[in-house]
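These notes concern the structure reproduced below.
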Amino acid sequence: MTMTKAKGSPTKTKANRRITRASISKASATKTSSPAADDVGLLVLGFDEQQKPCGARFVDAKPDLVAKAARLMGLKVYKTTSPDVAEVAKKLPVGQLYATGRAFVPNMRQSLYSDVIVALAAEPQQAAVGPDDDKASTPVARGLPGSWDEIAPGHLVIAQESLDYGWWEAIVLDRKDDMLTLRFRDYPRLPKFFRHCTAIALMSPASAQ
């Protein structure tokens, strides 16, 4: 007598159910591991008076109050617009607003600051909150310095964001002794930053090559 194998045996069906449940659980864990942009809130970034990077995230805070506090401290405010930015920004400490109009924005590691800056730079629209005064005040590059001693406001140089993220074109905004205030040329809505003049690279004119 020839025996026909039954379709969908109880053992196989139970195994399939276990695999399906495991797959659903894994998918759910993956979805919840990446925070939504709204869960992170607003980011406040920049440098303090000692030229050290600082940053914080403000959850469920009024954008106008956060923007006012950041402006008093010379910092920039950003709205997280993508899961990629939110993933990095969730590592920032939660900031606090005070009745005085200022805010608590602690110092942070340069490596984490660079991670957030690069994530923001990758966004087509860098969603800065508040008036875009810095973009309007950023000068147009007016030349290449011939030496580090010649570097002056308006010159185009190359500045390193970090060892991991390399060197980007930057415009000199100000110079005080050997300290330079710069802004990345292609990302005018990112915060301005500071570098010693010997820590940046000079660009050679095409005629000198």
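Details
- In segment 69-91, of all residues being in contact (Cβ under 8 Å) with a residue 40 or more places away in the chain and basic (Lys, Arg), the one that is most open to solvent (accessible area, probe 1.4 Å) corresponds to Arg71.
- Count of residues meeting criterion [closer than 16 Å to Tyr98 by Cβ and modelled with pLDDT under 85] in segment 33-59: 0
- Matching option when the condition is β-branched (Val, Ile, Thr) and at pLDDT below 80, among Val129, Val172, Val157, Val118: Val129
- Residues that are within 25 Å of Val116 (Cβ to Cβ) and open to solvent by 10 Å² or more (accessible area, probe 1.4 Å) within segment 172-183 comprise Leu173, Asp174, Met179, Thr181, listed in sequence order.
- Filtered residues of segment 184-197 (kept if more than 21 Å from Met73 (Cα to Cα) and open to solvent by less than 50 Å² (accessible area, probe 1.4 Å)): Cys197
- Selection count, segment 99-117, where residues are touching a strand residue (DSSP E or B) at 6+ places or on another chain (Cβ under 7 Å), assigned to a loop (DSSP other than H, G, I, E, B) and over 15 Å from Pro191 (Cβ atoms): 1
The values are calculated or read from the model by the stated rules, or taken from the named source; none is laboratory data. Source: prediction; values computed, not measured. Positions of Cβ are backbone-derived with ideal geometry, glycine not excepted, and every protein chain shown enters the neighbour counts. In case anyone asks, the SASA skips ligands and DNA or RNA and just uses the protein heavy atoms, side chains included. Shrake-Rupley method; radii C 1.70, N 1.55, O 1.52, S 1.80 Å.
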